[in-house]
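Below is one structure, written out as structure tokens; the observations come after it.
The values are calculated or read from the model by the stated rules, or taken from the named source; none is laboratory data. Values in this document were obtained by computation on a predicted structure and should not be read as measured data. All Cβ positions, even for glycine, are placed from backbone atoms using ideal geometry, and neighbour counts span all protein chains on display. Accessible surface is based on the protein model in full, side chains and every heavy atom, while ligands, DNA and RNA are left aside. Shrake-Rupley method; radii C 1.70, N 1.55, O 1.52, S 1.80 Å.
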Amino acid sequence: MSLLTTTRRLVFFDTTGAAYQPVRHGDRASGRSVFKIKPKGASNRADDAVHTEDWLELARAMLIEQLPARCKALTGGTVNYLRYGAEKLKSYELDPELANALSIPAKGNASDATASISRAAVEAAIDAFVRNQQDGDHAGVFDHFGNPRDYWVRSSRNRDNRVYPTKPIVGFILNKTELNGGWGQKSDAAARLHNAGFIIVGEDDAPVAPPEKYDHLIRDADRIRLCALNYFIEAAREQGKAQVAIRAGDLATAMGLQDAFPNICQALGGEKFQQLAEVPPPTHTEPNPSSSTTFTYRLAGQAEADSMTNETTATPRTATNLILYGPPGTGKTYRTAWEAVRLCLGEQVAADLDGKDQRDALMAEYRRLVSEGRIEFATFHQSMSYEEFVEGLRPSTGDDAEEGPEDLATSTGFRLKPHDGVFKRISERARLDQADNGSSARLDRSARIFKVALGRRQVEDDRIRHGLDHGLIHVGWGGDIDWAAERFDDFNEIYSEWRSKKDAEATGHDGNIVITYSFRADMQVGDYVVVSDGRDRIQAVGRVSGEYYYDSGAEYHPHRRQVEWLWRDDNGTERSRFYPNGFRRHSVYKLNQTIIDWDALEAIIFGDTAPRASRSARDHVLIIDEINRANISKVFGELITLLEPDKRLGMENEIRLVLPYSKKPFGVPANLHIIGTMNTADRSIALLDTALRRRFTFRELMPDPSVLSTNIDGINLRALLTTINDRIEYLFDREHQIGHAYFTGCKTRSDVAEVMRYKVIPLLAEYFYEDWSKVAIVLGETGKGEARFIVSEPLKRPDSMAEDDFSGERLRWRVKDQFDFSEFEV
């Protein structure tokens, strides 16, 4: 679910997924609420910071110029200067309107290539360059660049001149006069344009091949799709055409590709390109693939495209519960990744990623979905419990989720609080997902909620009404001190200031200190407030829209913030509808995040229009490895019933249960799919919990010798694997065979010998409980002639033991130093 709101238009994430937001500060001199940005070479002194109220300027500074700005975790904590791409901030999510203005993607990762710039931005920059050449427009940018030398970009429009120097074009887009023009860094001009799907050429318009040594440059199908989009699809749309044809040979020539027709045809015909270009599936000529293969795309109008989108998203979904089982080494891990990508992205995308040659691309897509939180992975084991998988109680010494303000002081001991397990986390993430980026009304569940009292009931009703009528929250604690200075972000600074100016004997529990900290520093723009009406009722809910400011002319309560009211009812409603604990007497404090019923709060605010799970919510997948190793009844508990497709949320027989620890209702959404894996050599499928068997589809993955080579340095791997497995099945059973994956990486005879020595033979010894005579049979040891893999030597009876004490000959088994593969020679 998106964390963006109308007051939070840029969010960053660290490697653990924790979210951070840029923080506004009150500027005493101007009375404005501003972001603070540290220019290059500046110190940490507050006077060196650049101030801006504009989200666009902030986003440009942090994402493009990569300057540090003051940020804070969404869950609270200290405010620090943080830089995107440094130690903490590794990815971002940006308001689409701002992303479009900056010509960068709305979502990005610092480890990826620098954010792409749009086709519209590039062509507009080329237009500006042409005007500069004709009449000197934009001289402030273009005159800083000398005569072009090495790198040029081909325009995607039909122009008299189609090639333009890279540095001035990118410099104009980024409003920079100093940058490199080549490929070496992802921020260099040619690299930026290349990664945006533009063709880098020489001055003669001949395509220049990107250097292989740079990993930050896009390649292969990704580059083909972007170039086809820019030079064919968008160019045709710009001319108002109803359809456009792309011939594989023409695209190859334009890009300077050699012998790439299979890759080009696969990219042009795949669902990924249809989604990127927003076109329906194309028609194509035969043969396919070929240089002459021509793909024809119908360019739908926006209304038609919206209609197709609505049709697609309205299609009812059916939850998948699947278990892949088989002996070790049969490709369950690879198939699980493919199934997860298929369930998340659709059949066509998965089909394009199927096959040995696409493994790297598949795993890249899989890792992307994991980073987005759409795929979660868990491994079951013998000690796995309900408390780990669903929810349980864990000791806590007090953290940001608990109620304030006493959390600000040091506490001793601990409390037990509910902690969500992986199953509950991904269920809630799937239920609340919105593919429409939050266009339907929902509350931001990552924000905190503060209880605020605007005055004493029936005594200061005029103060309460004033706040509700004018979009204000206000408190009187904190005296006549203006707390807007940046240093008062810190609790200790507030504590010291109050003791030095007002009360030298004050403790950290003094209301003037803790309430001032909660209202001034802990509360952030984008957090929510509920206005209390006594201990058990509320009369308004709002979103904080402004920073703290001190109103020296106020008749009462000079410490204030602006609020956008989302709901107001002078008659009020019961607090217990969304929060079980009675309100405290403190004027301002943070509610306990773990016990807030967000669904109930949304119902209060939105009434009958309270948002349900979005129909366009994206599919999510939970992968459970080794699902047969845990006690299923102990792990799933009463929730085993909720896994059935017809019992999912929104389905005909929907079921919700109240969880035992959090006491909150819980259901499993229909867009959450579960994939389990099971090693049959570890535990037979026949021993699985019956309740689990009834709710899952089982798909067997057995060894497939056909994927192996028939000649690896003279060894027929297919024959080797088939023979071994035939003997295992005869002596033991089919569930303990050897999988083909053990041998798929073998390139030489020594590779095969290494697999046999360190993987296959130890596994056989485990299967047969160290009965080496059976291992010998599987390996084809006949006892005649030279041994092939293992050697037996008779053991001499100790002289001190009688001969009658032995029932037969005792043997010592040893793995040979050199293996004999003659039985499987080509």
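Brief remarks follow.
- Selection of the range 230-279 for residues being under 14 Å from Phe295 (Cβ atoms), under 31 Å from the mean Cα position of the chain (by Cα) and open to solvent by less than 20 Å² (accessible area, probe 1.4 Å) yields Ile233, Ile264, Cys265, Ala267, Leu268, Gly270, Phe273, Ala277, Val279.
- Of all residues in the range 689-701 being open to solvent by 50 Å² or more (accessible area, probe 1.4 Å) and part of a helix (DSSP H, G or I), the one that is nearest to Ser750 (Cα to Cα): Arg693
- Checked against (1) open to solvent by 50 Å² or more (accessible area, probe 1.4 Å); (2) modelled with pLDDT under 90; (3) among the hydrophobic types (A, V, I, L, M, F, W, C), Val370 passes all but a single condition, namely (2).
- Residue count for the range 561-582, restricted to those that are surrounded by fewer than 20 Cβ atoms within 10 Å (Cβ to Cβ), more than 34 Å from the chain's Cα centre (by Cα) and closer than 25 Å to Thr5 by Cβ: 3
- Among (1) open to solvent by 80 Å² or more (accessible area, probe 1.4 Å); (2) over 28 Å from Asp713 (Cα atoms), the one test that Glu793 misses: (1)
- Applying the criterion of being part of a loop (DSSP other than H, G, I, E, B) and open to solvent by 30 Å² or more (accessible area, probe 1.4 Å) to the residues of the range 280-291, the residue that is nearest to Gly346 (Cα to Cα) is Pro281.
Residues are listed down the side, and each one gets a yes or a no for (1) under 25 Å from Glu238 (Cα atoms); (2) out of contact with any strand residue (DSSP E or B) (no Cβ under 7 Å at 6 or more places or on another chain); (3) at pLDDT 80 or above:
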site	(1), (2), (3)
Tyr84	no, no, yes
Ala110	no, no, no
Ala121	yes, yes, yes
Gln134	yes, yes, yes
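- Among the residues of the range 332-351, those identified as more than 19 Å from Val707 (Cα to Cα) and of a type outside the set (A, V, I, L, M, F, W, C) are Glu339, Arg342, Gly346, Glu347, Gln348.
- Pair list, Cβ < 7 Å and 6+ apart or interchain, from the range 499-518 residues that are free of Cβ contacts under 8 Å to residues at least 24 places away in the same chain to residues that are of a type in the set (Ser, Thr, Tyr) and open to solvent by 60 Å² or more (accessible area, probe 1.4 Å): Ile513/Tyr495
- Some residue of the range 69-77 being open to solvent by 20 Å² or more (accessible area, probe 1.4 Å) and among the hydroxyl-bearing types (Ser, Thr, Tyr): yes
- Within the range 721-736, residues that are touching a residue at least 12 places away in the same chain (Cβ under 8 Å) and closer than 24 Å to Ala753 by Cβ reach partners that are open to solvent by less than 70 Å² (accessible area, probe 1.4 Å) and among the hydroxyl-bearing types (Ser, Thr, Tyr) with beta carbons closer than 6 Å, at six or more positions or on different chains, in the pairs His736/Tyr767.
- Any hit, the range 186-200, residues being open to solvent by less than 10 Å² (accessible area, probe 1.4 Å) and farther than 20 Å from Glu123 by Cα: no
- Residue match in the range 207-221 (condition: under 22 Å from Ala364 (Cβ atoms), open to solvent by 70 Å² or more (accessible area, probe 1.4 Å), assigned to a helix (DSSP H, G or I) and out of contact with any Gly (no Cβ under 9 Å at 6 or more places or on another chain)): yes
- Condition broken by Asp599, with the remaining ones in (1) outside any helix (DSSP H, G or I); (2) open to solvent by 40 Å² or more (accessible area, probe 1.4 Å) satisfied: (1)
- Restricting the range 702-748 to residues that are aromatic (Phe, Trp, Tyr) and closer than 19 Å to Phe789 by Cα, the residue that is most open to solvent (accessible area, probe 1.4 Å) is Tyr742.
- Within the range 554-576, residues that are aromatic (Phe, Trp, Tyr) reach partners that are part of a strand (DSSP E or B) with beta carbons closer than 6 Å, at six or more positions or on different chains, in the pairs Trp565/Ala540; Trp565/Gly542; Trp567/Val541.
- Residue within the range 308-319 that is at pLDDT below 60, farther than 27 Å from Ala670 by Cβ and open to solvent by 80 Å² or more (accessible area, probe 1.4 Å) present: no
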